[in-house]
Amino acid sequence: MRLEYEDIKNKHSGTSCYVTLHGPSLTPHIKAIEEEQKDKKAMRISVNDWFHFFDTSPDYWVFSHSQTTIESCLLNSGTWKHFKYPPRIMNEVKVPVLFADSVDLTDYGLIEAELECDYLGYDQRHFQGDRCVEILKNFRNHYQKHGDYDFKDYGNNPVMWAPPRMPAWGFGNGVCCERIEDRLTIQEELQKISGHNEHYSTGDTVALHAIAFAIIMGFNPIKIVGMDLDYRKGYAGKKDGDTKTPMANDDWIKLEANLLNDLKILHESAKMLGTTIEDLSDNRFNIF
């Protein structure tokens, strides 16, 4: 069944939750998290290829990737060898899937015909319902007029426009803009709920959207695990004790200012709602 924000908003108010990412600091917590799930002491939001690390399914599964899609999970046709999905895994585990339909362009006809679990498609780039070209045109007009990156028209957040990040919205042909509906982006939804004067950026990691969903769903406290934000460290230990190869590319380091600001906005948004977030990860930001 297709879900809307109203179906999940404050649905788990006051329930403890783990948001699990795949950095190596996840490894020592895996068994304890699964035990708390089993004993119904906490729920779990996981991302991407969580099944490499856990023996049990999460309570929610979050995607924000154009290479890892609902279609690839249904048809086992992933384009990245990094993500290898067991055939039709979504229909096997039947947990709600929260996916960025502004980057995952799986046809909704296929989803409605084939997907057997609940799902929520969220937009994470078309702020104020504007098409990518309109957003970029407005930014360009600001820059040409003022000669700076202090652009606040979308989310009152100039950090996400500063070099070297300047967002590359869209696929270059506007195909993602066909998914624009009469709805808020996930960033705007959280901003509306919390009353924060800023919203976070389009996001440099799925972790941000998973945390945002945890806040929107009312989980409290929220514990973040495995958000190490340093891909040179590799990944958490797999179930067989192996680890994934570290990513040699360290371009993500250039995005630290934006990541730091996004995490700050999430932390402040949670505090405004009385939500406690604890970060059990191994990263140097120490925001939470």
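The values are calculated or read from the model by the stated rules, or taken from the named source; none is laboratory data. From a predicted model like this one, the values you see are computed outputs, not experimental measurements. Note that we place each Cβ from the backbone using ideal geometry, even for glycine, and neighbour counts take in every protein chain shown.
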* **Residue list for the range 1-30, restricted to those being at pLDDT below 95, surrounded by 18 or more Cβ atoms within 10 Å (Cβ to Cβ) and either assigned to a loop (DSSP other than H, G, I, E, B) or among the hydrophobic types (A, V, I, L, M, F, W, C) (or both)** => HIS22, GLY23
* To do: Check ALA270 against each of (1) among the small types (Gly, Ala, Ser); (2) at pLDDT below 85; (3) under 19 Å from ILE45 (Cα atoms) and name the one condition it does not meet.
  => (2)
* Asked: Is one or more of the residues making up the range 194-210 of a type in the set (Asp, Glu) and within 20 Å of TRP50 (Cα to Cα)?
  -> yes
* To do: Could you please find all residues in the range 105-152 being of a type in the set (Ser, Thr, Tyr), surrounded by fewer than 18 Cβ atoms within 10 Å (Cβ to Cβ) and over 24 Å from GLU198 (Cβ atoms)?
  => TYR108
* Considering only the range 54-68, state which residues are touching a helix residue (DSSP H, G or I) at 6+ places or on another chain (Cβ under 8 Å) and either under 20 Å from ILE8 (Cβ atoms) or crowded, with 21+ Cβ neighbours inside 10 Å (or both). => SER57, PRO58, ASP59, TYR60, TRP61, VAL62, PHE63, SER64
* Asked: For the range 114-123, which residues satisfy the criterion of being part of a loop (DSSP other than H, G, I, E, B) and at pLDDT 95 or above?
  -> ASP118, ASP123
* Structure fact -> Every listed condition ((1) closer than 25 Å to PHE51 by Cα; (2) modelled with pLDDT of 90 or more) holds for LEU75 save (2)
* Asked: Looking at the range 160-187, which of the residues that are closer than 12 Å to THR202 by Cβ and at pLDDT 95 or above is surrounded by the fewest Cβ atoms within 10 Å (Cβ to Cβ)?
  -> THR185
* Structure fact -> Reported set for the range 209-230 where residues are under 15 Å from HIS267 (Cβ atoms), touching a helix residue (DSSP H, G or I) at 6+ places or on another chain (Cβ under 6 Å) and part of a strand (DSSP E or B) is ILE222
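Condition check: at pLDDT 90 or above, touching a helix residue (DSSP H, G or I) at 6+ places or on another chain (Cβ under 7 Å) and not basic (Lys, Arg). Does ILE33 satisfy that? Outline the logic, then answer.
On the way: at pLDDT 90 or above: yes; touching a helix residue (DSSP H, G or I) at 6+ places or on another chain (Cβ under 7 Å): no; not basic (Lys, Arg): yes.
When the stated conditions are applied, ILE33 does not pass them.
Pick from the range 195-226 the residues that are of a type in the set (S, T, N, Q) and surrounded by fewer than 22 Cβ atoms within 10 Å (Cβ to Cβ): which of them is farthest from the chain's Cα centre (by Cα)?
ASN197
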* If you check ILE89, ILE111, which single one turns out to be over 18 Å from ALA207 (Cβ atoms) and modelled with pLDDT of 90 or more? -> ILE111
* Structure fact -> For the range 31-45, pairs from a residue that is small (Gly, Ala, Ser) to a residue that is in a helix (DSSP H, G or I), with Cβ under 6 Å and 6 or more apart or across chains, are ALA42/GLU36
